[in-house]
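Just below is one structure, and these are the notes that go with it.
The values are calculated or read from the model by the stated rules, or taken from the named source; none is laboratory data. Just so we're clear, the structure is a prediction, and the values are computed from it rather than from any experiment. Glycine also receives a Cβ, built like all others from the backbone with ideal geometry; neighbour counts cover every protein chain displayed. Accessible surface areas use protein heavy atoms only, side chains included; no ligands, DNA or RNA. Shrake-Rupley method; radii C 1.70, N 1.55, O 1.52, S 1.80 Å.
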Amino acid sequence: MPSQIRSAYPTFPQTFTPLDFQRHFTLNEKERQLALANTRGGTPLLVFAILLKTCQRLGYFPALDEVPEKVVAHLRAQLREQLPDTPSEPLNVSQPTLYSYHRLIRDHLGIQAFSLEVAEPLLRGRLTQAAQTMNWVTDLINVAIEMLIKENYELPAYSTLERLAANVRTTVHNEIFQAIDNHMTDELRSKVRQLLTPARKRGDKTADWTRLKELPKRATLGHLRDLESHLEWLLSHSQGEIEKSLAGMPVAKIKDFAAEARGLTPKEMNTLPTLRRQAYVLCLVRQARVETRDHLVQMFIKRLAAIEDKAQRDLEEARFQHRRTTERLVTVLNESLQLHQDDDSKIGARFRHVVESNGGQEKLREDCERVLALRDDNYLPFMGRYFKPQRGTLFRMLRLLELRATSQDQSITDAIAFILEHEGDSLTLLPTQLELTWTSELWRKFITVSQEDRLWHKKSALEMCVFSQLVTELKTGDVAVVGSEQFADYREQLLAWNECQKRLDDYCDVSGLPKTAKEFVGQLKRELQEGCEKADRLLGQSPLKTGPDGELILPRPPARGTSRSFRIFEELVMSRLQERTLLEILWDVAHHTKFTRRFGPLSGSDPKLKEANDFYVVTNFAYAVNLGPAQTAKHLRGEYPAQKIAYVNRHHMSGRQLDNSLVDVANETARFPLIYLWGSGKRAIADGTHFATWTENLVGEMHIRYGAYGGIGYFYVSDTYHLDFARNSAHRLF
């Protein structure tokens, strides 16, 4: 079961800052008078103050011997006039007195004592609803804590919430597993068993379970064909029956079950109970289809972008190659203009001589047409040579995916249906049955030709135009892919309006926003006006200057030398700063921030590993610096086996857990006043950084700006922290 530290159950922080004492453990005058009025001074007064402030901070009454000494000393200092001179006196009061203090403090804070008989039905109903979409027990515990705080309940012991959340989750999961089994056919059960048949030999890549978890590779034509074959294979596994068996199951729960199954081998899957094993397999197959559709569309977009890039390069190369032709045509024009000075009777003969001496009329006309074709950055004629080898693969993708327009404009879907209908035709020209208003004028000129006093559409040009426009529509969300996630119909992923209205008041209360449209618009106008006025004041005080076109220019600041006092300070810091390895720093960060609490089995259970925190730190280090498990184990002298590092990465770490751990580090850093010496924390920007990735990766690509292969990660850059080389720090968002 999850431990207390992995949830939002309130506890005392490991370290305290002056701001913590001021904000959470300082008595105001009303609280001081309350304590004096209900105690006789001395130790009972201190106990009352401790119980009052700790209950305010935690939401429950901790045992007196669990209260940190720093908190006791801080409160003792505030009440020193009413306390004896012996600070070492134990904090002992009788049980009846202690309970009477509890009642007084509850009445003062407006909370009620927790009663399992009264609160359990309310908690169980809320947790049952939350368990339909949440998979981790810690998440359910956090929901229970939130509800109890909202209902002004004193928080019970953590074990009470833990047992209740685990019981509710087990009940909900068993109901889900049973509902899935009730909709399964014997044929589907047989296919589930086939998917879990172990590979005949080690490294057998043909095993169905291994094939089910394949990741996409680079966006090459061969890999695009492989991905289409993979989707066809996935769709062959009783698509309708699987969708029927999982009907009504929340998408979040399907993704959680699929993530758990993805990290298990067939042998590990076969150790699970039958109903749970069946549900995991079906969820993984269904999620694999969704992700494969996403990957297929991403690869399609990259393939079209590659075609256009190559066509643009060909255009530039053609311009360079036809430079001599252009120069020759300009020479002909220059000689023709010089004839303007001759007599009218001689112009015709001389002009014919100029034309004939430069290749003749037909040759010059062909040269003119070639040069004119290179104007206006028109790279479309150069796309055909790259599109033709990929045509069959792209049409196969259209047949595999179900595309749907998300607006009333059905032009692009009609065009797709039209080119699919004529895919096998041997004709090079098609009748103009399509309106091309959905594309650009450049495309329309390229597609349409006149022949036999009739307008026609060039088949190849129309197909390229449809695929190019489809890329744009997919990116903007005007076309959705049925059964996808990233390219799904965004309207179906929005919260229903009636659900929004139910939550509107609570959301406005928490966010501080007005509840009516008129008040909301009025507040925005006021904030905008205040922002403009502030910007005008700052502009008048800043070194910004205005250029001739009205643009703002920030002049280079004058160089400032390093002062002698700063150099002395820097030398003093470096002399006292102990040098540490990167792994030691990571261990220190884990000790102070407890970010390793976010990691654990994907099922949400408590890790059963010995020295789990140490393995989490080592695994983070191994993959963060791209050493990998084998090299990390080698350099750590085998103290942490490579197999176990790889196992922890596969079974105990996910993207969601990494994001949560980064939040812990950022939040813990923000508690200390040191970072605010450099800024207020109210100024921030986003900055992109290049990350090297392995080559066979759909996410990675060659970046012109960085001149290397990899991906782009975005960082939140704040003014509240400084690195060795800058005044700002970067907190990773994704």
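Values as computed for the structure displayed
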read-out	value
Complete set of residues in the stretch 270-284 that are assigned to a helix (DSSP H, G or I), surrounded by fewer than 22 Cβ atoms within 10 Å (Cβ to Cβ) and of a type in the set (Val, Ile, Thr)	Thr274
Ala318 open to solvent by less than 40 Å² (accessible area, probe 1.4 Å), touching a residue at least 40 places away in the same chain (Cβ under 8 Å) and of a type in the set (A, V, I, L, M)	yes
Residue satisfying condition, being assigned to a helix (DSSP H, G or I), of a type in the set (Lys, Arg), touching a helix residue (DSSP H, G or I) at 6+ places or on another chain (Cβ under 6 Å) and in contact (Cβ under 8 Å) with a residue 40 or more places away in the chain, within set Arg106, Arg57	Arg57
The stretch 406-442 - residue that is of a type in the set (A, V, I, L, M, F, W, C) and part of a loop (DSSP other than H, G, I, E, B) and, of those, farthest from Ser484 (Cα to Cα)	Leu427
Which listed residue, of Lys458, Lys475, Lys445, is of a type in the set (Lys, Arg) and touching a strand residue (DSSP E or B) at 6+ places or on another chain (Cβ under 8 Å)	Lys458
Any pair with Cβ under 8 angstrom, 6 or more apart, that starts in the stretch 410-433 at a residue that is at negative phi and ends at one that is open to solvent by 70 Å² or more (accessible area, probe 1.4 Å) and hydrophobic (A, V, I, L, M, F, W, C)	Thr432/Leu455
Selection status of Val699, modelled with pLDDT of 75 or more, of a type outside the set (D, E, K, R), assigned to a helix (DSSP H, G or I) and surrounded by 11 or more Cβ atoms within 10 Å (Cβ to Cβ)	no
Filtered residue count, the stretch 486-518, keeping only those that are within 30 Å of Lys475 (Cα to Cα), part of a loop (DSSP other than H, G, I, E, B) and open to solvent by less than 60 Å² (accessible area, probe 1.4 Å)	4
Some residue of the stretch 719-727 being touching a residue at least 60 places away in the same chain (Cβ under 8 Å), among the aliphatic types (A, V, I, L, M) and surrounded by fewer than 16 Cβ atoms within 10 Å (Cβ to Cβ)	no
Gln631 vs. criteria at pLDDT 90 or above and touching a Pro at 6+ places or on another chain (Cβ under 9 Å)	no
Cβ pairs under 9 Å, 6+ apart, first in the stretch 116-141 and surrounded by 19 or more Cβ atoms within 10 Å (Cβ to Cβ), second among the aromatic types (Phe, Trp, Tyr)	Ala119/Tyr153; Asn135/Phe257; Ile141/Tyr9; Ile141/Tyr158
Where a residue in the stretch 213-233 is more than 13 Å from Arg289 (Cα to Cα) and its partner, wherever it lies, is in a loop (DSSP other than H, G, I, E, B) and acidic (Asp, Glu), with Cβ under 9 Å and at least six apart	Lys217/Glu696; Arg218/Glu696; His223/Glu696; Asp226/Glu214
Ser460 being among the hydroxyl-bearing types (Ser, Thr, Tyr) and part of a helix (DSSP H, G or I)	yes
Candidate set from the stretch 367-385 (those that are in a helix (DSSP H, G or I) and at pLDDT below 70); member that is most open to solvent (accessible area, probe 1.4 Å)	Arg375
Test: Glu452 is without any contact (Cβ under 8 Å) to a residue 60 or more places away in the chain, at positive phi and open to solvent by 30 Å² or more (accessible area, probe 1.4 Å)	yes
Among residues of the stretch 634-652, those that are more than 13 Å from Phe621 (Cα to Cα) and assigned to a loop (DSSP other than H, G, I, E, B), counted	5
Subset of the stretch 103-115 (residues that are out of contact with any Asp or Glu (no Cβ under 6 Å at 6 or more places or on another chain) and open to solvent by 30 Å² or more (accessible area, probe 1.4 Å))	Arg103, Leu104, Arg106, Asp107, His108, Leu109, Gly110, Gln112, Ser115
Scan of the stretch 429-483 for residues that are closer than 13 Å to Gly384 by Cα and polar (S, T, N, Q), ordered by number	Ser460, Ser468
Subset of the stretch 60-80 [within 14 Å of Ala35 (Cβ to Cβ) and either assigned to a helix (DSSP H, G or I) or β-branched (Val, Ile, Thr) (or both)]	Leu75, Arg76, Gln78, Arg80
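Residue-wise test of (1) on the phi > 0 side of the Ramachandran plot; (2) among the β-branched types (Val, Ile, Thr); (3) within 50 Å of the chain's Cα centre (by Cα).
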residue	(1), (2), (3)
Gly42	yes, no, no
Tyr60	no, no, yes
Lys70	no, no, yes
Leu75	no, no, yes
Gln95	no, no, no
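Yes/no matrix, rows are residues, columns are (1) closer than 30 Å to Ala131 by Cβ; (2) among the β-branched types (Val, Ile, Thr):
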residue: Val589; (1), (2): no, yes
residue: Lys608; (1), (2): yes, no
residue: Gln643; (1), (2): no, no
residue: Leu658; (1), (2): yes, no
